[in-house]
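What follows is a set of notes on a single structure, which appears directly below.
Where a number appears in this text, it was derived from the coordinates with a stated rule and is not lab data. Everything numeric here is computed off the predicted structure, so don't read it as measured data. Glycine gets a Cβ as well: all are built from the backbone with ideal geometry, and neighbour counts include every protein chain shown.
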Amino acid sequence: MKVKPTPADGFALETARADDFEALHALRLRAMRESLQALGRYDERRSRERLADGFVPAHTQHIVVGGQRVGFLVLRRLSHSLRLNHFYIDPTHARQGIGSAVLRWMLAQADAAQLPVELVALKGSAANRFYLRHGFVGAGEGLWDIDYLRPPVTPALRVVRALWAATQARDWAAARALLRDDLQCTLWTSGEHYASADGYIAVQAAYPEGWSLLLKELVRLDDGRVLALARVDHPPGHFYATALCRIDDGLIAGIDEYWSTLEPPPDWRTPERFAGLSRFDPLADPRAREP
């Protein structure tokens, strides 16, 4: 990438040289050792081959914080996407927000170019939750790896995300400014229809307090609408809202909402009775994040 991070991003990038290969490989081993050992796949020779395959110093960037190299990335611009071939933070600098800062910068470059970001993550690695939290979705799966894709954020996606963010912040003036005056909103599961933006905002503001929301999915559909899936936590209950939003000239003109309630499965539906069935905690979904 030709665009460089600024001091406000909290890190710098330095282009690697050919003689940096051994140090880069050692860092990769440190970052991947635990995940690879857990899968019985730790093999230094294979790791070296993986990094050496297509190694081009000009495409490899050291991640520098406070004058110290703390990781590296290999980000290639292809005709149809940005391809993140390698991205590692040294374990001694992990869990300090560096990886998230670098990834946010990369995603900003992708959005500016309106390109998706592609990558592959090792199965069982903590990297899977990391990428899911940052909006990546599974696009394929192999024996050992999972393919991920993060579509670019379009203006339509931005306006819908802004509506959810303003709602979570209880900033009703900001939320109202994102809607057409003649907004048409249908709540299908309760049989309600609102034919004005003011009425829609008034009912949101009147909802009993104590709730918070997290976005799980935000996707632009082929017909131009935006699909948003959110989880609303209002103890002791938890709810899901699926909203199909129609955008007109930068404003939300229509919303179709479908609501459901989080509840345990019935007693007869057990893993012991049905092959392949397992239970999980829906509230632990790494995709659910602040709008």
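Go ahead and collect, in residue order, the members of the stretch 61-99 whose backbone nitrogen is under 20 Å from a label point 7 Å along the Cα-Cβ direction of residue 114.
Those under the cut-off are 77-83.
What do you get for Rg/Rh of the stretch 7-150 when both radii come from the Cα atoms and Rh is the Kirkwood radius?
Looking at the stretch 7-150, the ratio lands at 0.93.
List the trypsin sites (Lys or Arg not before Pro) within the stretch 7-100 that fall in a DSSP loop (any state other than H, G, I, E or B) and whose Cβ has at most 12 other Cβ atoms within 10 Å.
Sites meeting the loop and neighbour criteria: 17, 95.
Please get the size of the charge dipole for the chain, origin at its Cα centre, with Cβ charges of +1 on Lys and Arg and -1 on Asp and Glu, quoted in debye to the nearest 20.
Computed charge dipole of the chain: roughly 1000 debye.
Could you give each residue of the stretch 10-21 its phi-based ³J(HN,Hα) in whole Hz, using Karplus coefficients 6.51, -1.76, 1.60 with θ = phi - 60°, and x for Gly or Pro?
Residue by residue, the stretch 10-21 yields x, 7, 10, 10, 10, 5, 6, 10, 4, 7, 8, 4 Hz.
Can you sort 231, 279, 133 by how many other beta carbons sit within 10 Å, fewest first?
The fewest-first ordering by Cβ neighbours comes to 279, 133, 231.
When only C-alpha pairs under 8 Å and at least 6 residues apart count, what is the relative contact order of the stretch 7-150, in percent?
Once normalised by length, the contact order is 21 percent.
Please compute the net charge surrounding residue 211, taking Lys and Arg as +1 and Asp and Glu as -1 over other residues with Cβ under 13 Å from its Cβ.
Once positives and negatives cancel, what remains is 0.
Per-residue HN-Hα couplings for the stretch 222-237, Karplus 6.51 cos²θ - 1.76 cosθ + 1.60 at θ = phi - 60°, whole Hz, x for Gly and Pro?
The phi angles translate into 4, 8, x, 6, 10, 9, 10, 10, 10, 10, 10, 9, 9, x, x, x Hz.
Gain in length, residue 14 to residue 147, computed as 0.36 nm per residue apart minus the alpha-carbon separation, to one decimal in nm?
That pair, residue 14 and residue 147, stretches by 45.2 nm at full extension.
Hey, with R₀ at 35 Å, roughly what FRET efficiency would residue 188 and residue 56 work out to, going by the Cβ-Cβ distance, to 0.05?
It comes out at approximately 0.10.
I want to check the label-to-label distance for residue 249 and residue 101. Put each point 7 Å from Cα in the C-beta direction and report it in nm to one decimal.
Computed distance between label sites residue 249 and residue 101 equals 4.3 nm.
Projected onto the charge dipole of the chain (+1 at Lys/Arg Cβ, -1 at Asp/Glu Cβ, origin at the Cα centre), which of 253, 274, 60 gives the Cα projection farthest towards the positive end?
Value computed over the given set: 60.
Taking the Cα-to-Cβ direction at residue 211 and at residue 39 and moving 7 Å from each Cα, how far apart do the two end points lie in nm?
Rounded to a tenth, the inter-label distance reads 4.0 nm.
Tell me, in nm to one decimal, what length is gained between residue 46 and residue 277 on full extension, where the rule is 0.36 nm per residue of separation less the Cα-Cα distance?
79.6 nm
Would you grab the residues whose amide H sits under 5 Å from the one on residue 183? Only those 5+ places off in sequence or on another chain, please, with H modelled 1.01 Å from N.
Hits under the 5 Å cutoff: 197.
List the residues, sorted by chain then number, that are 5 or more residues from residue 139 or on another chain and whose placed amide H is less than 5 Å from its amide H.
Under 5 Å from the amide H of residue 139 lie the amide H atoms of 147, 148, 149, each far enough along the sequence or on another chain.
Based on the Cβ-Cβ distance from residue 172 to residue 233, what FRET efficiency comes out when R0 is 22 Å, to the nearest 0.05?
Computed FRET efficiency for residue 172 and residue 233: 0.65.
Looking only at 155, 57, 264, which one moves most when the chain is put into a Gaussian network model with springs between Cα atoms under 10 Å?
264
Tell me, what ³J(HN,Hα) does each residue in the stretch 136-152 have, in order and in whole Hz, if you take phi through Karplus 6.51 cos²θ - 1.76 cosθ + 1.60 with θ = phi - 60° and put x for Gly and Pro?
With coefficients 6.51, -1.76 and 1.60, one gets 7, 10, x, 10, x, 8, x, 5, 10, 10, 10, 7, 10, 9, 10, x, x Hz.
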